[in-house]
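Below: one structure, written as structure tokens.
Every read-out reported here was derived from the displayed coordinates using simple, explicitly stated rules and does not represent laboratory data. Since we're looking at a predicted model, the values are computed, not measured. Cβ placement follows ideal geometry from the backbone for every residue including glycine, while neighbour counts extend to all protein chains displayed.
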Amino acid sequence: MVAGTVVMIALMLAAACVASLAVGGRSIAPAEVVRVLLHPDDSETALIVVGTRIPRTVLGLIGGAALGVAGVVMQSITRNALADPGVLGVNGGAALAVVLGITIGGVTSPLAQIPLAVAGAAAAGAAVFVIASGRRGKPTPVAIALSGAVIAGALGSATTAVLLSHAAALDALRFWQVGGLSGRGWPVVTATVLPIAFGIAATAALARPLDVLALGSSTAAALGQRVGLARLMGGAVAVLLAGTATAAIGPVAFVGLAVPHLARRAVGARTGPVIAITALGSPVLVLVADVLGRVLAWPGEVPVGVLTAAIGAPVFILIVRSRSAGTL
């Protein structure tokens, strides 16, 4: 069942990549795209495909996979089906840190923006945990979700306020602010691909500890699992993935919520298969949203984050109304 699901989603991902390369302000036949890829030249078509659409597609692949896998880890370590880098404010913390670095510190290099984004994501995650813990010291799933919503709203407002006070930055980052692939080129790809690849590999290595954590803290400790260390390592990997992805494509919402939820329905609760399905399925959602955004508002574009929110919000409502909303 898992193998069949992987093959099906891999085919969907291939189709989404072809559509991402072919559809846009100038539509290009898939056969022409293949020709340019196999025999690049100096034609206008080659410049569009190689110079613009390939890096855009690659960013959709790695950014989507990073956000989806980060969602799997967050849901596992919190045992909360509502956990997601966007819902818990982690993406918002990364976005605010990047915006402050650009507007105040003049940080324009994608490589320099990644540490800022990761630091902002970590600070936001820590704030959510502290607020959710309250006086009891043990955050509940509902408290985490509510605290994350508050932090995400506050950070989003702060980011907007900073951008409104810097007109040049607002014009440059208006699509990135809500999450988008437009205008991001090869420098962003090369700066983010290695941290994201490392984060996904580290998550795969943590699959077994995350499965044990799903049994509950007491049971995991009785089985010899170092609960605190496992959660710390999982949180660090999730912050790395979410922060780097946000630096690359902006605070795209609901990818890390919707896709892991659907993956668990398809292949069960084991973390390893869920990670594999999510790493393939999340880029499908991001690329399809990007392609639809180019078509729906042509000759303009609808940002990716707007469409993923439109797709992910019903899934969020479904989870809240289900019996499994409290824990995984």
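Relative to the dominant Cα principal axis of the chain, helix 304-321 is inclined by about 30°. The label-point distance for Ala161 and Ala204, in a model that sets each label 7 Å from Cα toward Cβ, rounds to 4.3 nm. Taking a point 7 angstrom from the Cα of Leu296 along the C-beta vector, which residues in the range 74-114 have backbone N less than 17 Å away? Nothing falls inside the zone, counting backbone N under 17 Å.
Site pair Leu100 and Thr45 shows an inter-label distance of 4.9 nm when each label is modelled 7 Å from Cα along Cα→Cβ. Between Ser133 and Arg226, the C-beta separation translates, for a Förster distance of 25 Å, into a calculated FRET efficiency of about 0.80.
In this rough spin-label picture, where each label sits 7 Å from Cα along the Cβ direction, the Val315-Ala112 distance is 3.6 nm. Quick check on the range 1-142: take the gyration tensor over C-alpha atoms, sort the square-rooted eigenvalues as a ≥ b ≥ c, and tell me if it's rounded (a/c under 1.5), prolate or oblate. Oblate.
Across the range 55-325 the C-alpha pair distances fall into 10 Å bins from zero in the proportions 8, 33, 38, 17, 4, 0 percent. Between Ala15 and Leu215, the contour length at 0.36 nm per residue exceeds the alpha carbon distance by 68.2 nm. Each peptide among 153-163, 50-60, 3-13 gets the average number of other Cβ atoms lying within 10 Å of its residues, and from highest to lowest they stand as 50-60, 153-163, 3-13. Each peptide in 113-123, 225-235 receives the mean, over its residues, of other Cβ atoms within 10 Å, and ordering these scores from highest gives 113-123, 225-235.
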